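In what follows, a single structure is set out as C-alpha cells and then discussed.
The values are calculated or read from the model by the stated rules, or taken from the named source; none is laboratory data. Just so we're clear, the structure is a prediction, and the values are computed from it rather than from any experiment. Counting neighbours? That spans all protein chains shown, and the Cβs are built from the backbone with ideal geometry, glycine included.
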Amino acid sequence: MCGIIGYVGPRPAIEVILPGLRRLEYRGYDSAGVAVLEGGELQYDRAPGRLSVLEGLLAGRPREGTVGVGHTRWATHGEPTEANAHPHLDCTGRFALVHNGIIENHAVLKDRLVREGHRFGSYTDTEVIVHLVESSYRGDLEAALRAALDEVEGSFAVAVLCRDEPDRIVAARRNSPLIVGLGDGAQYLASDVPAILPYTRKVLYLEEEEMATLTREGVALRRLDGTAVHRTPTTVDWDMEAAEKGGYPHFMLKEIHEQPEAVRATIGGKTDRSRLRRLFGGLGIEAETLQHVERVVVVACGTAWHAGLVGKCAIEDLAGIPTQCEIASEFRYGAPVLGRDTLVVAVTQSGETADTLAGVRRAREAGAPVLAVCNVLGSSVPRASEGVFYTHAGPEIGVASTKAYTTQLVAMTLLATYLGLQRGTLDRQRAGRVLRAVGGLPGALREALAADAMVQECARRFQDSRTFFYIGRRYNLPTAFEGALKIKEIAYLHAEGYGAGEMKHGPIALVDPGLTAVAVFSEGATHDKMRSNVEEIRARGGRVVAVAPADDAEAARVADFVLPVPRVDEVVSPVVNVVPLQLLAYHMAVLGGRDVDRPRNLAKSVTVE
Ligand code: M6R
C-alpha cells in the first residue's frame, strides 16, 4: 500500500520524483523518501509525515543525480518513522531499495541475515530484500535482485539502485502493481499511471513475476526466471486534467460531480437489448456459461461490497438467480462451495485490493468463472479473472469512493438485466423499463447534485449529533451502509448503517435527541414500513433526515429535514439516493476541518491484508 516512482534520464531525478510522489500520495502518506545516484555515491533522504516534510528537507539539500527512486509509504510493519521510511540501504551503502507489498517470511530471513553479520536499521519487512541483494551481488544487479526475490514469500513491487551500476534501475513485481513509462532518452517507473502522465503516455504494464531494467537507452523486460519478454507498449489516453482537481477544492467533490459523466461512460452508448448482448458477449466469459449459471457469488470489500449487495437484489429480482455477497477477507479464508455453474463477480475500483484478488484466485482454483467489475485498466483483479467489465469511471483520487461506487451499481444492474434476458426470467417490457431507467441516470444524477446547497444546510443543522443511524430497506439498505461508511471515513463521526426494520430489535434503545437517523426511502412495498420506522424514532426524541423524492409528502411529514432526490425506478434508486449522502459526508468533513481527500489511517488501495 505504498507508491513507487523511478526515473532515469537527463534531468535531476528529483524534479520528476517529487511531483510523481504527490500524485501517488493516495496510495499512502505516512512517510516518504528518495534516493539518487550522484557523483558515484547513493544519496538518500527520508522523512516521516506528509510529502511536504520531505520536500522541505530537500529544499535545503539540492540533489542533482539523474537516476533515482522515490517512495510514499503506508505503514504495515514498523511505525511511520524516518528509519522505517523507504528507501532502505544495505550495510555497505551500495544499494537503495523501495518496496510496496509485504514480505511474509521476513522474520526468518532477518534472523538468518543477522547471523550472517548484516546490520538492520529498521523494523520493516522490506529491509531483508536489500540485504539479500547485498549478499547475492556479484557485479550483476539484475541477477542479484532475482536471487533475492527467489527467497522471499509474499507480495512486492520493488525498485533498486546500485552504486556500481549507476546508469540503471532494476525493478520487479509479484502481486503489487508496477508500470514502466517509455520516454525519449528517459524512462520512468511507477505504481500507477498518473505519476508519469506529464512525461509519457507510452506504458508497459509489468505482469506477475516480471522484472524490468531501465536505462536512458530503453527498457529490458524479463521474467523472474531470466527469460526475455517482448511486449508492445500501451498508449494511455487519460489526460492530465482527468487526474487533477479541475477547479474543485477537493478531489472527492470533483468526483461526486463527475458522476453523471462517469455513469454515461459505464453505459457507453444506447441502453437497448442488442447492445447489452454485444457488451456482455465481449467480456471474455462465454454467453453459454452465463446462461447456465445456477448461483452468483459477489466478492468485494468496503464500498465495492455495498455495490455487490445492491447487485444481489438486482440479480435475484431480474434474473432469478440465487446470489450471495461475500466480504472478500472472509470469503478467502472460508470454505466456499464453488463450481463451473457458480459465477463469481469480483467488484473492485482499483483492481488491486489484496483480499479481493485472493478471493478471485480462490474461485478460479475451484473452477468457477470469474467476472471482474473494475475501474482500473490492466490491474491485477481483471488480469486474474476470466472476464472483465470495465466501469470506465476515470481515475478516482479521493480515498472515499464515490463515482467508482455509482458506476459499479450501474455495471451490476446491467449484468442483472443481461442475465435475466439470457435466461428468459426477465420479460422484455420489464427489461425495457430497467434499461430506460439506466439510460436516464446521467440526468437524474445531475438533478440530485443540484440539491447540494440543501445538503450543506443539512450538514450545518445536524453536525452536532452524537451518533448517526443510516437506515434503509431492500435496494437501499446498502445505500444506508454506504452513507454511514462515508461519514465515518471522512468526517470521523460515529455512524451505523442498519436495516430500518431491525431498529426495534435493539438499537432503538439508543434513540434520544443526540441521535440522528438518516432514512433512505425506497419506492414500492417498503415505503410505508419505512415511514413507520421513522415515526418510532421521532416518538423517542430522535431527529430524522429523509432521503426521498421531493414530492414524497409522507416522507416530508415525518422527517425533520428532507434531502430531495429525483423519482426513479427502485432498481436504480441506489445510484441517485447515495448522492446526497456522499455530499452530506463531504460537508460534515469540511465543517469539521477534516482532510477530505486523505482521511487519517486510510489509503486508497488496500493492497495488503
Ligand atoms: O479498490 P476497491 O474497490 O477494491 O477498494 C475496496 C475498498 O477498500 C474501498 O471501497 C473503501 O471501502 C473505500 N475507501 C470506501 O470509500
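Details
- Of all residues in the stretch 380-403, those satisfying the criterion of being touching a strand residue (DSSP E or B) at 6+ places or on another chain (Cβ under 9 Å) and of a type outside the set (K, R) are S380, V381, P382, A384, S385, E386, G387, V388, F389, Y390, T391.
- For G443: the one exception among (1) under 22 Å from D237 (Cβ atoms); (2) out of contact with any Asp or Glu (no Cβ under 6 Å at 6 or more places or on another chain); (3) modelled with pLDDT of 95 or more: (1)
- Among residues of the stretch 207-249 being of a type in the set (A, V, I, L, M, F, W, C) and within 21 Å of the chain's Cα centre (by Cα), the one that is modelled with the lowest pLDDT is A243.
- Filter result for S532 (within 16 Å of the ligand (Cβ to nearest atom), hydroxyl-bearing (S, T, Y) and either under 17 Å from A480 (Cβ atoms) or not assigned by TED's automatic domain parsing to the domain that holds S155 (or both)): no
- Given (1) within 16 Å of the ligand (Cβ to nearest atom); (2) modelled with pLDDT of 90 or more, index of the condition G592 fails: (1)
- The stretch 360-377 - residue that is of a type outside the set (D, E, K, R) and away from the ligand (no atom under 14 Å from the Cβ) and, of those, nearest to N577 (Cα to Cα): L371
- Condition check for G302: on the phi > 0 side of the Ramachandran plot, within 16 Å of the ligand (Cβ to nearest atom), at pLDDT below 95 and not assigned by TED's automatic domain parsing to the domain that holds V572: no
- Residue count for the stretch 1-29, restricted to those that are touching a Pro at 6+ places or on another chain (Cβ under 9 Å) and surrounded by fewer than 21 Cβ atoms within 10 Å (Cβ to Cβ): 2.
- Residue-level analysis places T81 outside the set of residues that are within 27 Å of the chain's Cα centre (by Cα), among the hydroxyl-bearing types (S, T, Y) and within 24 Å of A354 (Cα to Cα).
- Consider the stretch 338-354 and keep the residues that are out of contact with any strand residue (DSSP E or B) (no Cβ under 6 Å at 6 or more places or on another chain) and over 19 Å from Y26 (Cα atoms). The one that is nearest to the ligand (Cβ to nearest atom) is L338.
- Residues that are touching a residue at least 60 places away in the same chain (Cβ under 8 Å) and under 21 Å from P10 (Cβ atoms), drawn from the stretch 38-80: G40, E41, L42, V67, G68, V69, G70
- Any pair with Cβ under 6 angstrom, 6 or more apart, that starts in the stretch 290-317 at a residue that is free of Cβ contacts under 8 Å to residues at least 12 places away in the same chain and ends at one that is away from the ligand (no atom under 12 Å from the Cβ) and among the β-branched types (V, I, T): E316/T323
- When the stretch 455-473 is filtered for residues that are surrounded by fewer than 23 Cβ atoms within 10 Å (Cβ to Cβ) and in contact with an Asp or Glu (Cβ under 9 Å, 6 or more places away or on another chain), the ones remaining, listed by number, are R461, F462, R466, T467.
- Checked against the criterion of being over 14 Å from L276 (Cα atoms) and within 13 Å of the ligand (Cβ to nearest atom), the candidates Q429, Q408 yield just one match: Q408.
- Taking the criterion of being free of Cβ contacts under 8 Å to residues at least 40 places away in the same chain and closer than 9 Å to A491 by Cβ, no residue of the stretch 591-601 qualifies.
- Any chance V399 is within 15 Å of the ligand (Cβ to nearest atom) and assigned to a strand (DSSP E or B): no
- Filter pass, R231 being under 21 Å from A144 (Cβ atoms), surrounded by fewer than 16 Cβ atoms within 10 Å (Cβ to Cβ) and of a type in the set (K, R): no
- Within the stretch 512-525, residues that are assigned to a helix (DSSP H, G or I) sit with their Cβ atoms under 6 Å from residues that are of a type outside the set (S, T, N, Q), at 6+ positions apart or across chains, in these pairs: G524/E570.
- Cβ-Cβ under 6 Å pairs, at least 6 apart or on other chains, the stretch 110-123 side without any contact (Cβ under 8 Å) to a residue 12 or more places away in the chain, far side surrounded by 11 or more Cβ atoms within 10 Å (Cβ to Cβ): F120/E127
- In a residue-by-residue description of the stretch 271-278, the property of being outside the structural domain of P177 (by TED's automatic domain parsing) and either within 14 Å of the ligand (Cβ to nearest atom) or within 25 Å of the chain's Cα centre (by Cα) (or both) applies to no position.
- Members of the stretch 526-565 that are out of contact with any Pro (no Cβ under 7 Å at 6 or more places or on another chain), in a loop (DSSP other than H, G, I, E, B) and closer than 22 Å to L445 by Cα: D551, D552
- Residue count for the stretch 473-511 satisfying the condition of being away from the ligand (no atom under 16 Å from the Cβ), out of contact with any Pro (no Cβ under 9 Å at 6 or more places or on another chain) and touching a residue at least 24 places away in the same chain (Cβ under 8 Å): 13.
- Taking first residues from the stretch 318-335 that are in contact (Cβ under 8 Å) with a residue 60 or more places away in the chain and partners that are assigned to a loop (DSSP other than H, G, I, E, B) and not basic (K, R), the Cβ contacts under 7 Å between residues at least 6 apart in sequence or on separate chains come to L318/L426; A319/T425; A319/L426; G320/T425; I321/V293; S329/C301.
- Test for T323: is it more than 12 Å from the ligand (Cβ to nearest atom) and either more than 26 Å from E496 (Cα to Cα) or not assigned by TED's automatic domain parsing to the domain that holds Q259 (or both): no
- Number of the exception - V438 against (1) within 13 Å of the ligand (Cβ to nearest atom); (2) assigned to a helix (DSSP H, G or I): (1)
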